[in-house]
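Below: the structure, in structure tokens.
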Amino acid sequence: MQLGLVGLGRMGFNMRDRIRAAGHDVVGYDRNPDVSDVGSLAELADRLTAPRIVWVMVPSGDPTRQTIAELADVLSAGDLIIDGGNSRFSDDTVNSELLAAREIGYLDCGVSGGVWGKEIGYGLMVGGDAEHVERAMPIFDALRPDGPREEGFAHAGPVGAGHYAKMIHNGIEYGLMQAYAEGFELLEAAKVIEDVPSVIKAWQRGTVVRSWLLDLLVRALDSDPELDDLRGYVDDSGEGRWTVEEAINLAVPAPVISAALFSRFRSRQEDSPAMRAVAALRNQFGGHAVHQAGPTSGAGNTQG
């Protein structure tokens, strides 16, 4: 089938390649002309045969809202837009209502897989009408990992459910990374442990803490055994904050996720081995920017 893809950054670029490899026709648009297939959103719409499906993969917040509003002006009744970025779930209702007035369908899709998704596939969590989900299923099948569909794809519920599920997924991710990071720091501090990387590598098989995140920590330690090349400064992209806010709103105890979020805030005040490990993990699975260690260890004022 045919797909328009808006946003060819770290993930969007790889997603275009994976979808094309599955035999689909993808027309991509990005503000960077070096990677874009067309020069504008209007040209993107012209290149697609109606009824169209357009996947939006741009930063959350205003960039996504503006892109969807611009697409509404160049698409037609019967078309479908999928927001695959990390939008806040509450934005989905607004976007859906805007498009419904033009008789354009809307799905929200939480996407997990980072820079590794092109090779191993992406975990997908989708919100919206079942008829729209079924229509886009060939694209979802192209993106998800090989194996049973239900192990890499979920129709989570109505509009907003996909991004809500991804928000909770990322909150859990915060807690898991923090646990590995604190274990790393304890091993580093213990005088009795002489080879920290070898201990962590030994956890990869047979232990109850083995996971892909652990594998990525081992990968980071293989190239930098003490993670000295990194500062322990860790940004947050929003989902952890939103998860904690929802825990408060629903009166659901979430002490681990909350502590992990606040540890990221702490990382911007002083350097620590644990936060260097979290920074390394985020870079390994998602290609997120890291702050290289330098002569000054003080954190900057950048907001995540």
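The values are calculated or read from the model by the stated rules, or taken from the named source; none is laboratory data. Given the structure is predicted, the values throughout are model-derived calculations rather than measurements. Here Cβ is always computed from backbone atoms with ideal geometry, including for glycine, and neighbour counts include all displayed protein chains. The protein model used for the area step is the full one, side chains on, heavy atoms only, and it has no ligands, DNA or RNA in it. Shrake-Rupley method; radii C 1.70, N 1.55, O 1.52, S 1.80 Å.
Some points to look at:
- Cα shape, region 38-103, gyration tensor, a/c 1.5 rule: oblate
- The chain: C-alpha gyration tensor shape, a/c 1.5 cut-off, then a/b vs b/c: prolate
- Dividing the summed -39500 (n - 2.57) terms of all DSSP H runs of n ≥ 4 by the residue count of the chain sets its mean residue ellipticity at 222 nm at -15000 deg cm²/dmol.
- Whole-percent carbon and sulfur share, accessible surface of region 51-97, 1.4 Å: 49
- Amide hydrogen proximity for Ser36: with H placed 1.01 Å from N in the peptide plane, the residues at 5 or more positions away or on another chain lying under 5 Å are Asp30.
- Interchain or long-range residues, amide H under 5 Å from Val54's placed H: Gly4, Leu80, Ile81, Ile82
- If you sort Met57, Met275, Met1 by accessible surface, 1.4 Å probe, largest first, the order is Met1, Met57, Met275.
- In percent, rounded to a whole number, the relative contact order of the chain is 14, using alpha-carbon pairs under 8 Å and six or more apart.
- Ranking Pro158, Tyr180, Val133 by how far each Cα lies toward the positive end of the dipole of the chain (charges on Cβ) leaves Tyr180 at the top.
- Of Met177, Met11, Met137, the one that fluctuates the most in a GNM where the chain has Cα springs shorter than 10 Å: Met137
- Highest-MSF residue in the chain out of Pro33, Pro273, Pro225 [GNM, Cα springs under 10 Å]: Pro33
- Helix 89-100 and the long axis of the chain differ in direction by around 10°, with both axes built from C-alpha atoms.
- GNM remark for the chain: springs join alpha carbons under 10 Å apart, and the peak mean-square fluctuation among Ala21, Ala161, Ala45 falls on Ala21.
- In the chain, the DSSP beta bridges split such that about 25 percent are antiparallel, to the nearest 5.
- Residues of type lysines that Lys201 reaches as a straight line, Cα spacing below 21 Å, ignoring anything fewer than 8 places off in the same chain: Lys191
- Helix 239-250 axis versus longest C-alpha principal axis of the chain: approximately 90°, rounded to the nearest ten.
- Net charge in the neighbourhood of Asp25 (other residues with Cβ under 14 Å of its Cβ; Lys, Arg +1, Asp, Glu -1) is +3.
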